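The values are calculated or read from the model by the stated rules, or taken from the named source; none is laboratory data. The shown structure was predicted, so the numbers you read here are calculated from the model rather than taken from an experiment. Glycine gets a Cβ as well: all are built from the backbone with ideal geometry, and neighbour counts include every protein chain shown.
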Amino acid sequence: MKALFWVFVAIGCVYLFYTGAMSVWSYLEITGVVDEVVAERASSRGERSERVSRVREDIVKKVAASGINVDERAISIADEGRTLDVSVRWNWPVIVYQGRELVAIPLKHERTFEFPERR
């Protein structure tokens with residue numbers, strides 16, 4: 001009986017390590033996607049509203065392609081002239097039962113990008 005208990009403890013520790021590692025991977029993936037999209041799209045010329053919508057759409061597409069479940073409403077982008085504020089919020093599931101997340105790790109990536117003034 002004692003051995004069975006320690007087997008379950010070991011399995012729990014391995015699962016917690018796996019979940020932590022995967023949440024770190026998702027954070028790094030989101031960070032990379034945001035940096036890549038802003039570098040590609042935000043510096044291009046055009047209307048401010050078009051720039052925000054292009055960046056937002058590309059982030060939504062690339063995050064979905066990476067397999068991370070992020071709600072579109074959890075991605076906010078604000079264009080403040082010389083700066084672009086990007087915020088992405090998502091949950092990494094720890095315990096899922098019958099398709100519902102019972103326990104999840106809330107994660108958030110916020111970054112402000114500065115651009116040279118247009119002439």
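For region 48-104, filtered to residues that are among the hydrophobic types (A, V, I, L, M, F, W, C) and surrounded by fewer than 11 Cβ atoms within 10 Å (Cβ to Cβ), the residue that is nearest to the chain's Cα centre (by Cα) is Ala65. Of all residues in region 49-71, those that are over 18 Å from Ala39 (Cα atoms) have Cβ atoms under 9 Å from Cβ atoms of residues that are assigned to a loop (DSSP other than H, G, I, E, B), 6 or more apart or on another chain, in Ala64/Val70.
When each of Leu28, Leu107 is tested for being aliphatic (A, V, I, L, M), under 12 Å from the mean Cα position of the chain (by Cα) and surrounded by fewer than 17 Cβ atoms within 10 Å (Cβ to Cβ), the lone residue that passes is Leu28.
For region 81-89, check the following and say yes or no: at least one residue is in a helix (DSSP H, G or I) and of a type in the set (Asp, Glu). No - not one qualifying residue is present in region 81-89.
Of all residues in region 64-119, exactly one satisfies the criterion of being closer than 29 Å to Val14 by Cβ, in contact with a helix residue (DSSP H, G or I) (Cβ under 6 Å, 6 or more places away or on another chain) and charged (D, E, K, R), namely Arg89.
For region 37-47, the candidate set comprises residues that are surrounded by 14 or more Cβ atoms within 10 Å (Cβ to Cβ) and over 17 Å from the mean Cα position of the chain (by Cα); within that set, the residue that is modelled with the highest pLDDT is Arg41.
Candidates in region 72-114 are the residues that are among the basic types (Lys, Arg) and touching a residue at least 24 places away in the same chain (Cβ under 8 Å); of these, the one that is farthest from Tyr18 (Cα to Cα) is Arg82.
Just for region 52-76: of the residues that are under 15 Å from Ser26 (Cβ atoms) and outside any helix (DSSP H, G or I), which one is modelled with the highest pLDDT?
Filtering region 52-76 down to residues under 15 Å from Ser26 (Cβ atoms) leaves 59, 62-71, 74-75.
Among the residues that remain, those that are also outside any helix (DSSP H, G or I) are: 67-71, 75.
Numbers: Gly67: 89, Ile68: 91, Asn69: 88, Val70: 90, Asp71: 89, Ile75: 94.
Going through the qualifying residues, I end up with Ile75.
Pairs are defined by a Cβ separation below 7 Å, a sequence spacing of at least 6 or placement on different chains, a first member in region 1-27 that is closer than 24 Å to Trp90 by Cβ, and a second member that is among the β-branched types (Val, Ile, Thr); the pairs so defined are Thr19/Val94; Ser23/Ile105; Ser26/Ile68.
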